[in-house]
1. So, in segment 403-450, of the ones that are in contact with a helix residue (DSSP H, G or I) (Cβ under 7 Å, 6 or more places away or on another chain) and either at pLDDT 75 or above or assigned to a helix (DSSP H, G or I) (or both), which residue ends up farthest from residue 104 (Cα to Cα)?
2. Quick one: in segment 67-118, of everything that is outside any helix (DSSP H, G or I) and within 26 Å of residue 316 (Cβ to Cβ), which residue is nearest to the chain's Cα centre (by Cα)?
3. State yes or no: is residue 158 without any contact (Cβ under 8 Å) to a residue 40 or more places away in the chain, assigned by TED's automatic domain parsing to the domain that holds residue 35, buried (at least 16 other Cβ atoms within 10 Å of the Cβ) and in contact with a helix residue (DSSP H, G or I) (Cβ under 7 Å, 6 or more places away or on another chain)?
4. Please verify whether segment 171-190 includes one or more residues that are more than 30 Å from residue 103 (Cα to Cα), in the same structural domain as residue 114 (by TED's automatic domain parsing), outside any strand (DSSP E or B) and touching a residue at least 12 places away in the same chain (Cβ under 8 Å).
5. Restricting the search to segment 1-56, which residues are touching a helix residue (DSSP H, G or I) at 6+ places or on another chain (Cβ under 7 Å), part of a helix (DSSP H, G or I) and under 16 Å from residue 166 (Cβ atoms)?
6. Select from segment 379-396 the residues that are in a strand (DSSP E or B) and surrounded by 13 or more Cβ atoms within 10 Å (Cβ to Cβ) and list them in ascending order.
7. Would you be able to tell me the number of residues in segment 209-268 that are part of a loop (DSSP other than H, G, I, E, B) and either surrounded by 14 or more Cβ atoms within 10 Å (Cβ to Cβ) or at pLDDT below 90 (or both)?
C-alpha cells in the first residue's frame, strides 16, 4: 500500500478521506464505552420504565443510586502506572551525547510530560485509544541552555474529546498515515476538520456545509510520522459493568423500600373504638394523648429489613470488581477498617504491580516511538549535533506505585554491608532528583567542604 498514491493531489478529497478512514484495528466505540464510564448514563438512570411516577397526590420519586466504579478503575490504573513519574534513563558515551541527553530531557520537562502521561493514561484506559502529535513552532527558545528557533510542543487526541482517530497500517503492520477528525465552532457554525500526517506530508481538509476543501498541504523532511498511536482492545474495567449495574439496581430498589417503610407506624391493637383527638397541634408540645381500653395494646411497629443480606450482596460485587481487575481498593474506609502493619500494606500492592507489568508492554513501545519522534525533531533543531542525537541510548522505566519505606531499605542494605556505604555520592544525588546538574552539584559540595577546612585551619 503506497500512501503517496492515496494522497495524490489529483484525487478527489472525498475519496482520499474515505481511503484514509480504512481503520484496520478494532477498538470499542466511545459512544458505547461512555455509557459505562459515566454513572449518569447507567441503566438505573436512563431506563424509561424506571422513572418518577405522577399520581393524584403528586410525584412519587424513585431512588436512583449509582456507583462510579468504572471511572474509579481508570483513575486507579492511571495512578498505579504514572503515580511515580515515568523515568528516562540516558546512557551518554561522550560530551556531545551528554548535551543531547540534557536537551531531550529539557524538551520533555517543558512540555510537562508527567501531566501529559496522566492525561493519555486516562484516555487509553477509558476510551481504548489515544494519539499524541508532536509539532514545532517558529519561536526563539532554548533547551538546556542551547538556543533554537523552533519550539517543540505536543497535544493529545482522544475519542473522549470528540476526536476520531484513524491509524492506517500497511501489510507489514507499519503505520503509514495517522489521521484525526475533529470539529470546531467558528462564527456559530460547526466546522469539521480532517488532518493526516505521513512521513512526508501534513494535509488538512475543512468541511463546511458538506463542501470539502483542502486547506493545507505541507511537506515534511522529518522522514517520520510526528504522531504516536496507542490502543487496547477493551477498557480497563473489562467486562465488569453488568455487575456494577446489579449493585446499582439493588441499592436503588432498597432505597425505594426505605422511603416507603422507614417512617414509624403507631399501631393500636383493640376491638373497641379508641378515642383520638387529644393530640396537641403545637410543634412544641412534648406528648400526644390517646385513650384506649384496659386490655388494649398500642406501640410502634418497626419494619424488619434484611440489611445484612443487601450489604453483603453489594460488598461482594465491589470486592470482586477490584479482585478480578487486579486493582487495590485503596478507599479510606477500606484502609482504616483493616488494621495491618506497614509491611502487610506493601504486600497488598503485589497484584497491582503485576497488573502494571502486564500493562507496561504497550506503553514502553509507545514511549520508545515518542523518543524517536523527539529525536527526529532535535536533529532539525540542532543539526550540528545530529550524530550524537542519533547515537544517544535512551531507556524508559515505568515504576509501579507502591508504599515505600526508603529509610528501612537503606538501613537493611547498610547492615548487610557491615555499615559501609551502599552507593556513591553521585548516585545518591542523582536518585534524589533535586539537582538538575549532578556534576555541578558535586563540585559545589567539594568547594563548600574545602572552604570549611580552610576556615577551620585559620
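The values are calculated or read from the model by the stated rules, or taken from the named source; none is laboratory data. These numbers come from a predicted model, not from an experiment. Every residue, glycine as well, gets a Cβ built from its backbone with ideal geometry; the counts of neighbours run over all protein chains shown.
1. Looking only at segment 403-450, we keep the residues that are in contact with a helix residue (DSSP H, G or I) (Cβ under 7 Å, 6 or more places away or on another chain), and these are 403, 405, 422, 425-426, 429-430, 435, 438, 441-442.
Now restrict to residues that are either at pLDDT 75 or above or assigned to a helix (DSSP H, G or I) (or both): 425-426, 429-430, 438, 441-442.
Details: 425: 25, 426: 21, 429: 20, 430: 17, 438: 16, 441: 20, 442: 23 Å.
Result: 425.
2. Of all residues in segment 67-118, those outside any helix (DSSP H, G or I) come to 67-68, 83-94, 111-112.
Checking which are within 26 Å of residue 316 (Cβ to Cβ) leaves us with 67-68.
Values: 67: 18, 68: 14 Å.
If we take residues in segment 67-118 being outside any helix (DSSP H, G or I) and within 26 Å of residue 316 (Cβ to Cβ), then 68 is nearest to the chain's Cα centre (by Cα).
3. Details: without any contact (Cβ under 8 Å) to a residue 40 or more places away in the chain: yes; assigned by TED's automatic domain parsing to the domain that holds residue 35: yes; buried (at least 16 other Cβ atoms within 10 Å of the Cβ): yes; in contact with a helix residue (DSSP H, G or I) (Cβ under 7 Å, 6 or more places away or on another chain): yes.
Yes.
4. Step one: list which residues in segment 171-190 are more than 30 Å from residue 103 (Cα to Cα), which gives 171-173, 181-190.
This time we only want the ones that are in the same structural domain as residue 114 (by TED's automatic domain parsing), so: 171-173, 181-190.
When the remaining residues are screened for being outside any strand (DSSP E or B), the result is 171-173, 187-188.
When the remaining residues are screened for being touching a residue at least 12 places away in the same chain (Cβ under 8 Å), the result is 171.
Among the residues of segment 171-190, at least one is more than 30 Å from residue 103 (Cα to Cα), in the same structural domain as residue 114 (by TED's automatic domain parsing), outside any strand (DSSP E or B) and touching a residue at least 12 places away in the same chain (Cβ under 8 Å), which makes the answer yes.
5. Answer for segment 1-56, where residues must be touching a helix residue (DSSP H, G or I) at 6+ places or on another chain (Cβ under 7 Å), part of a helix (DSSP H, G or I) and under 16 Å from residue 166 (Cβ atoms): 6, 16, 19, 20, 30.
6. Of the residues in segment 379-396, the ones in a strand (DSSP E or B) are 393-396.
394, 395, 396, listed by residue number.
7. So in segment 209-268, the residues part of a loop (DSSP other than H, G, I, E, B) come out as 209-210, 220-226, 232-240, 262-264.
Within this subset, residues satisfying the condition of being either surrounded by 14 or more Cβ atoms within 10 Å (Cβ to Cβ) or at pLDDT below 90 (or both) are 209-210, 220-226, 232, 235-237, 240, 262-264.
Final tally of qualifying residues: 17.
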